[in-house]
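*Asks:* Take this structure, written in structure tokens, and hold onto it; I'll ask about it next.
The values are calculated or read from the model by the stated rules, or taken from the named source; none is laboratory data. Remember, it's a predicted structure, so these values are computed and weren't measured experimentally. Every residue, glycine as well, gets a Cβ built from its backbone with ideal geometry; the counts of neighbours run over all protein chains shown.
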Amino acid sequence: MIRMGSTVIFDEPPVIESWASVAGNHEKKGPLGSYFDIAEEDTTFGHKTWEQSESAMQNMAFKTALEKTSFQADSIDYIFAGDLDNQCIASSFGLMSFNIPMVGLFGACSTMAEGIALSSLLLAGGAANHCAAVTSSHFCSAERQFRYPLEYGGQRPPTAQWTVTGAGATILSKSGQAVASGNPKIRAATIGRITQLGIKDINNMGGAMAPAAADTLTRFFQDTGKKPDDFDLIVTGDLGELGLSLTIQLLQAGGYDCSDRMNDCGCMVFDNKDKHYGSGGSGCGCSAIVLNSYILGQMLAGNLKNVLFIGTGALMSPTSTYQGEIIPAIAHLVHIGI
């Protein structure tokens, strides 16, 4: 490994062995619906509570990713997992049965990128041979925790985003230990810094997270000497339409024009013409299901060769919101290449 500023370059890049995605009915109807491994009409997934439903999604996503490999569960040295629920209960209850050492994460919607980055550091450092990154969100559990009960039927402003019901899992191997050695690889990772723009509106997550995305991307370019043109796709997750537009503007002001190759998972998962979803998708599961279906699938097919995946997270809690605090944000980046 070579450290350059805030970025770690992997001279022996960890390999993504397999990936899987589980989605709900709204996501199934979206533009990427055909790419998900599992998409259910019944978003309870056969359980009594929304939190149990979310745990079931995590279990299904990791189990499906595992089934795509030749590994048994005990081949995975560590799982990095997290979600939006208090104490990350979707992850702990969902993955408990696998009996694998687990590191719980709370990076909010940046969790997928954070889990992949930490897995890669552990693998490249020689502390593990195989790791997994898993995360999820559920529209109903998130609404209950962060906003209002669904029965309240409150109006949503245009800046608001729709929490994705979905879970994603990525299994990675140390270079030299990988079975699918021709698969996409993690070539670099940049760990984010906490930023804030003074935004307090819980219905404007994109605006709150945009400075973090721009900061992490800028530092990656500065650390590595890479340029936007070196990548086929630069994708954030999940800023929505408003946050993506603001991030592009912030990058342009800093001398980096990414406008012709930048997209956001929150803009990709739903039909943007359907304003039912406001500014787009959000939640840990948003970037998780887009990455672990469409993006990695396109890379395996050879349609994408170099991708920057930037997970963006708003680090507030119901308590901090009720107390009128600003919304801090963070963004973690991984460079995925063939």
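*Asks:* Scan the range 188-201 residue by residue and report those that are surrounded by 16 or more Cβ atoms within 10 Å (Cβ to Cβ) and among the hydrophobic types (A, V, I, L, M, F, W, C).
*Replies:* Result: Ala188, Ala189, Ile191, Leu197, Ile199.
*Asks:* Modelled with pLDDT under 95, crowded, with 16+ Cβ neighbours inside 10 Å and in contact with a Ser or Thr (Cβ under 7 Å, 6 or more places away or on another chain): which single residue out of Ser279, Ser293 fits that description?
*Replies:* Ser279
*Asks:* Still on this model: Counting just the residues of the range 297-326 that are touching a Ser or Thr at 6+ places or on another chain (Cβ under 8 Å) and hydrophobic (A, V, I, L, M, F, W, C), which one comes out surrounded by the fewest Cβ atoms within 10 Å (Cβ to Cβ)?
*Replies:* Only one residue tops the list, namely Phe309.
*Asks:* Oh, and also: Taking Asp271, is it assigned to a loop (DSSP other than H, G, I, E, B), in contact with a helix residue (DSSP H, G or I) (Cβ under 7 Å, 6 or more places away or on another chain) and not assigned by TED's automatic domain parsing to the domain that holds Ala160?
*Replies:* no
*Asks:* Answer yes if at least one residue in the range 158-165 is assigned by TED's automatic domain parsing to the domain that holds Gly82, more than 27 Å from Ala90 (Cα to Cα) and out of contact with any Leu (no Cβ under 7 Å at 6 or more places or on another chain), and no otherwise.
*Replies:* Yes: the range 158-165 contains one or more residues that are assigned by TED's automatic domain parsing to the domain that holds Gly82, more than 27 Å from Ala90 (Cα to Cα) and out of contact with any Leu (no Cβ under 7 Å at 6 or more places or on another chain).
*Asks:* Does the range 47-65 hold any residues that are closer than 8 Å to Ala167 by Cβ and not hydrophobic (A, V, I, L, M, F, W, C), and which are they?
*Replies:* Glu54, Gln58
*Asks:* Still on this model: Please find, among Thr224, Thr236, Thr190, Thr218, the residue that is outside the structural domain of Ala20 (by TED's automatic domain parsing), of a type outside the set (Gly, Ala, Ser) and closer than 25 Å to Tyr78 by Cβ.
*Replies:* Thr190
*Asks:* Further, regarding this structure: Do we have any residue at all in the range 178-185 that's out of contact with any strand residue (DSSP E or B) (no Cβ under 9 Å at 6 or more places or on another chain) and part of a loop (DSSP other than H, G, I, E, B)?
*Replies:* No; the residues of the range 178-185 include none that is out of contact with any strand residue (DSSP E or B) (no Cβ under 9 Å at 6 or more places or on another chain) and part of a loop (DSSP other than H, G, I, E, B).
*Asks:* Follow-up question, since we're still on this one. Here's a check for you: in the range 249-268, which residue that is assigned to a helix (DSSP H, G or I) and over 19 Å from the mean Cα position of the chain (by Cα) is surrounded by the fewest Cβ atoms within 10 Å (Cβ to Cβ)?
*Replies:* Ala253
*Asks:* Let me ask you something else. Residues in the range 107-126: is at least one free of Cβ contacts under 8 Å to residues at least 24 places away in the same chain, hydrophobic (A, V, I, L, M, F, W, C) and surrounded by fewer than 22 Cβ atoms within 10 Å (Cβ to Cβ)?
*Replies:* Within the range 107-126, none of the residues are free of Cβ contacts under 8 Å to residues at least 24 places away in the same chain, hydrophobic (A, V, I, L, M, F, W, C) and surrounded by fewer than 22 Cβ atoms within 10 Å (Cβ to Cβ).
*Asks:* Turning to a different aspect of this structure: Looking at Ala180, Ala169, Ala142, which is the one that is more than 27 Å from Ser6 (Cβ to Cβ), crowded, with 22+ Cβ neighbours inside 10 Å and either in the same structural domain as Cys286 (by TED's automatic domain parsing) or among the small types (Gly, Ala, Ser) (or both)?
*Replies:* Ala142
*Asks:* Quick check, is Ser91 in the same structural domain as Ala128 (by TED's automatic domain parsing) and under 25 Å from Gly280 (Cβ atoms)?
*Replies:* So Ser91 fits the description; yes.
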